[in-house]
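Colleague: Sharing a structure, written as structure tokens. Questions coming.
The values are calculated or read from the model by the stated rules, or taken from the named source; none is laboratory data. Since the structure is predicted, the reported quantities are computational estimates derived from the model, not experimental observations. Every residue, glycine among them, receives a Cβ derived from its backbone with ideal geometry; neighbour counts consider all protein chains shown. The area values use the complete protein model at the heavy-atom level, side chains included, leaving out ligands, DNA and RNA. Shrake-Rupley method; radii C 1.70, N 1.55, O 1.52, S 1.80 Å.
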Amino acid sequence: LTWLGQRLRFRSEMADEIEFHLESRADELESQGIPRSEALACARREFGSKLNVAEESSEAWQLQWLEDFISDLRYAARAFRRNPGFAATAVFCLALGIGANTTIFNVTTSFLFSEPSCRDTQSLISIWEGGNSSSPLADYEFLRDSRVFDGMAGLNVESETNWREGDHTSRLYSGIVTDDFFTTLGVPLLLGRGIAPHETNTAVLSWRMWHSKLAADPAILGRKLVLDGRLYTVAGVLPKDHRSIMGFGIAPEIYIPAQPGAYVQLYARMPQAMTIAIARARLQTLLNELDRIHPNSDQKRNRGTRVTSVIGFDILNQQMPGAIIAFFVMLLVVVGLVLLIACTNVVSLLLARAASRSQELAIRLSLGASRRRIIRHLLAESLLLSLGGALAGFAINLFCAWLIDRITFPIPVPVHLVVSPDWRLVWYSLALVFLCALVCGVVPALKAVKRGINDSLKRQEHQTERAFSLRAVLVACQIAASVVLLTAGFLFLHNLLRATAMNPGFDVRSTLWSMMRLVPAKYEGPAKEKQLLLAHSALDKLRALPGVETAAITRRVPLNDNCVMGVPVQTDRSAAQVHVRYQCNDVGPDYFRAIGIPLLAGREFTSEDRKGAQPVVIVNETFAQTLFGKTNPLGHTFRLGLSKQEPRLIVGVVKDSKYFALGERQQLAVYEPYFASDEPATVNFIVRTRTSPDEYVRTISSTLGHLDTTAAIETKPMSRALGLALLPSQAGAVMLGAMGVLGLLLAAIGLYGVLLYSVSRRTREIGVRAALGATRRDILGMVGRQSAILVGGGMTAGLVLAFFATRPLAFFLVPGLKPLDWSAFFAVSGVLAVVALLATLVPATRALRVDPSVALRYE
């Protein structure tokens, strides 16, 4: 290894040593009476070739295979420097393929397998008490005081808080943590410190909040913030690349101490030598003791309890829905196709290059180079191209990561993906480099050494290009793969258009959604009635606004929140219980008129439907048909869950609608009176207007803001509140569409290159044809037929493959849209035909410009 870096010194010392031996031998001969000049000449004859001696001696210092490899790389670099157009095209193709692969791989690993920003993550475990993702704060304190673990911590990221700044109140997504969260987990901070034990009014900010909402105030530490009516002191700021222990990019804007009565996800740090199995056994003992001291009426704490790691597949299996995992797997398959198309392009280029270098390779073989040595040399060239493509692809990856860092996802929980290079990306990139080098280099290298030496030296090659050469087959394969990618992209684009235009079962054109988050402490206990009074007052003021047709209150807004109940149901028509799953919501009077869901039978809720009155419900038509068949459900009752519960009277039936996803199948739904249940801290108002809803956003926010200045208010038209529902279709359309366009671009480059090379190879043939009377139309038809054969064959194979490849995508499509979408097939065929025509124009024009007199002398 020292030899590799200090060759000049070694060679200089070797030359000095050789001269020393020559001088010493000459001195001996001179001492025997031979003249000095003759003695030197005799010493040189006895010594032999100095070059041979230097090479033989240096073999002891070097690894010959490594020397040959470095020599091949240097030779390849010089060859590419002489032909920069070829090298740039090959590197460009590989950069697109490798860049797309590394970007999707980086996003996938960052989202699904991100390692939290904690100290020694291998010793951290996540505890699911009773199989639940949250436990009471009292249970956390009991487990912490047991001293079984080196530390306990709790976190709840499904929390919000109101931040009052001057005259403005905004809602923040907060992480509720125990006071030893930062010390137990060893979370690094950019500024300050974490929340210390027994502190109840300190806060730690995320880097994003510090920059976007506090202007990166350098004096942020010690600053006071009013959160939910209480003063909090900023103790620290998290780094920009912080990854929460929850994973999946979840990134609360602020962390504050948990208050009594809170629920948190439990985490523990295992002592040295403790395994997860031991931790699970000791935890079972603790939970059995806790059940004995403080019994839980709902269920045993130890039933269904899980203990898992906080990294790797453990966290993936316990929290991530299968649909999201399937989506990322689909993306990896798609970018794999793009890389295959890119490699096919480079194979075509290297085949053409090997054909043009046939005489050079034949000379090397005739001078004694082995075929293995030639293959190794050609593989070194493909490896150098792959390295160049990987470096350019890495730059593409960094640019895409910069873009992703600025994306805000329209989902209830804040997600900030920290997409940055790590050791997994490095190994994945190296694997891609060697894979591309082999895929791109093996076939051209084997084909190059199979050529006859005599024919190559004499340049006895065919002057016509076969229609079905290996390069032509590769281009057809590229086109087929591009058809598959484009079909999937057009299918998701159609899916997005369908989802955007789909009727969700309620009105999104004449309605607004105004969310009012109240400070919980102001409306708890004896003050709970204040929230009811505020809700009634807000409804009166909203309905009195000019241009407002009606307004209603609801606990959950369709396509933005979800409540699914799975309980046995017993109707008054049968003693048997039927287990059903249904969507639940609490809504106020006039809700269905306000949101535009048709009332099929019965009535809406009224002000008389309140706590203490006869429990009444309104059901959707699917619920009515499932439980009552053709019988009119009005006036009938049913019980939910335990038979001790008072029966609910059905007073209305409404039309089915969408509840959480546009692509969901028809579901059962039960609506209960809003004012008959305990109200949450957040209230939602649905307002129907007579004109465009956009005109009323500021007026409604101002009206509600005057009722409670500490409340955080967000108002927007319902048409803009469908971001979460449209996110899967948008993500699929953007990602698959981009990959389809990328594949089409690479296929067009491949088609252009093959046609251009074919024309250059057939220059003499074209000249002969022209000399014998072929017209411009005949020559144009010759090039056009070759292009049509390639495109037609690839398109046919691609459409057949797309017919089967798009079937698994049915899982992601809205109802009514099938994977066999003929509009997508026709669109792909049209786009591909246009691109093929453009790729054919330049080679065809060059063929038309061939001069017969010049072509007949062409070599």
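Colleague: Probe of 1.4 angstrom, ligands and nucleic acids ignored: what's the accessible area per residue over the chain, in square angstrom?
Modeller: Values: 41080 Å² over 859 residues.
For the chain, the solvent-accessible area averages 48 Å² per residue.
Colleague: So I have (1) 37.1, 136; (2) 28.3, 87; (3) 65.7, 206, and one of them is Rg and Dmax of the Cα atoms in Å calculated from this model. Which one is it?
Modeller: Given (1) 37.1, 136; (2) 28.3, 87; (3) 65.7, 206, the structure-derived one carries the label (1).
Colleague: For the peptides 807-813, 611-617, 92-98, what is the packing order when you average, over each peptide's residues, the other Cβ atoms within 10 Å and list the highest mean first?
Modeller: Numbers: 807-813: 16.3, 611-617: 14.4, 92-98: 25.6.
In descending order of packing, they fall as 92-98, 807-813, 611-617.
Colleague: Let me ask something else. Output the peptides 780-793, 743-756, 362-375 sorted from most to least packed, where packing is the average of other Cβ atoms within 10 Å over each peptide's residues.
Modeller: By packing density, highest mean first, the sequence is 743-756, 780-793, 362-375.
Colleague: If you don't mind, there's one more thing I want to ask. With only Lys, Arg, Asp and Glu charged, each at its Cβ (+1 for the first two, -1 for the last two), find how big the charge dipole of the chain is about the Cα centre; round to the nearest 20 debye.
Modeller: Around 2820 debye, computed over the chain.
Colleague: Which listed residue (Gln730, Val347, Gly186) has the Cα farthest towards the positive end of the charge dipole for the chain, taking +1 on Lys and Arg C-beta and -1 on Asp and Glu C-beta about the Cα centre?
Modeller: Val347
Colleague: Given the peptides 142-154, 383-395, arrange them by the average over their residues of other C-beta atoms within 10 Å, most packed first.
Modeller: Sorting 142-154, 383-395 by mean packing, highest first, produces 383-395, 142-154.
Colleague: Which value, in debye to the nearest 20, gives the size of the charge dipole of the range 738-859 about its Cα centre, when Lys and Arg are +1 and Asp and Glu are -1 at the Cβ? Walk me through the intermediate numbers first.
Modeller: Values: 12 positive and 5 negative charges, 58 e Å.
The calculated dipole for the range 738-859 is roughly 280 debye.
Colleague: Regarding the range 657-719, what's the average projected area of the Cα-atom convex hull, expressed in nm²? Kindly include the intermediate steps, with their values, before the conclusion.
Modeller: Values: hull surface 25.2 nm².
For the range 657-719, averaging the hull's shadow over all directions gives 6.3 nm².
Colleague: Let me ask something else about it. At a Förster distance of 25 Å, what's the computed FRET efficiency of Ala601 paired with Ser574, Cβ-Cβ distance as r, to 0.05?
Modeller: After rounding to 0.05, the efficiency reads 0.75.
Colleague: How far is helix 371-404 tilted, in degrees, relative to the longest principal axis of the Cα atoms in the chain, given as a value from 0 to 90 rounded to the nearest 10?
Modeller: Compared with the principal axis, the helix lies near 30 degrees.
Colleague: Extension gain Ala788-Cys42, at 0.36 nm per residue separation less the Cα-Cα distance, in nm?
Modeller: Extra length from Ala788 to Cys42 when fully extended: 261.1 nm.
Colleague: So, with a 1.4 angstrom probe, what is the percent of accessible area on the chain that is carbon and sulfur?
Modeller: 59
Colleague: So if I take the centroid of the Cα atoms in the range 52-74 and the same for the range 395-422, what is the distance between those two points in Å?
Modeller: Taking the Cα centre of the range 395-422 as reference, the centre of the range 52-74 is 47 Å away.
Colleague: Given a Förster radius of 56 Å and the C-beta distance between Ala774 and Trp427 as r, what FRET efficiency does 1/(1 + (r/R0)^6) yield to the nearest 0.05?
Modeller: 0.50
Colleague: Hey, which of these cross-link pairs are over 29 Å Cα-Cα: Lys611/Lys655; Lys300/Lys528; Lys655/Lys716; Lys213/Lys522; Lys50/Lys450?
Modeller: Beyond 29 Å between Cα atoms: Lys300/Lys528; Lys50/Lys450.
Colleague: Oh, and also: Which one, Ala774, Thr511, Val449, is farthest towards the positive end of the dipole of the chain when Lys and Arg carry +1 and Asp and Glu -1 on their Cβ?
Modeller: Ala774
Colleague: Same structure, new question: If I model a spin label at Leu532 and Val329 as a point 7 Å from the Cα along the Cα→Cβ vector, what separation in nanometres do I get?
Modeller: Label-label distance for Leu532 and Val329, simple model: 5.1 nm.
Colleague: Same structure, new question: Roughly speaking, what is the stretch gain from Lys611 to Ala544, that is 0.36 nm per residue apart minus the C-alpha to C-alpha distance, in nm to one decimal? Let's see the in-between values first.
Modeller: Details: separation 67, 0.36 × 67 = 24.12 nm, distance 2.63 nm.
Separation in residues times 0.36 nm, less the Cα-Cα distance, equals 21.5 nm.
Colleague: Additional query: Quick one: Cα centre-to-centre distance for the range 761-812 and the range 697-737, in angstrom?
Modeller: 50
Colleague: In addition: Which residue, Tyr591, Thr631, Val617, has the largest displacement toward the positive end of the dipole of the range 537-695 when charges sit on each Cβ (Lys, Arg +1; Asp, Glu -1)?
Modeller: Thr631
Colleague: A follow-up question, please. For the residue pair Asp68 and Ser146, what label-to-label distance in nm results when each label sits 7 Å from Cα along the Cα-to-beta-carbon direction?
Modeller: Going from the Asp68 label point to the Ser146 one covers 6.5 nm.
Colleague: Can you give me the C-alpha center-to-center distance between the range 576-647 and the range 230-289, rounded to a whole angstrom?
Modeller: When both Cα centres are located, 40 Å separates them.
Colleague: What FRET efficiency do you get for Ile363 and Arg282 if R0 is 60 Å and r is their Cβ-Cβ distance, rounded to the nearest 0.05?
Modeller: 0.20
Colleague: Find how much the distance from Arg849 to Arg372 grows on full extension, using 0.36 nm per residue of separation minus their present alpha carbon separation; answer in nm with one decimal.
Modeller: Taking Arg849 through Arg372 to full extension adds about 167.5 nm, to one decimal.
Colleague: Right, next: Could you tell me which of rounded, prolate or oblate describes the range 252-301, using a ≥ b ≥ c as the square roots of the eigenvalues of the alpha-carbon gyration tensor, with rounded for a/c under 1.5 and, failing that, prolate when a/b is larger than b/c and oblate otherwise?
Modeller: Because a/c hits 1.5 or more and a/b fails to exceed b/c, the range 252-301 counts as oblate.
Colleague: Between Val564 and Leu838, how many nm apart are label points set 7 Å from Cα along the C-beta direction?
Modeller: Between Val564 and Leu838, the simple spin-label model gives 4.4 nm.
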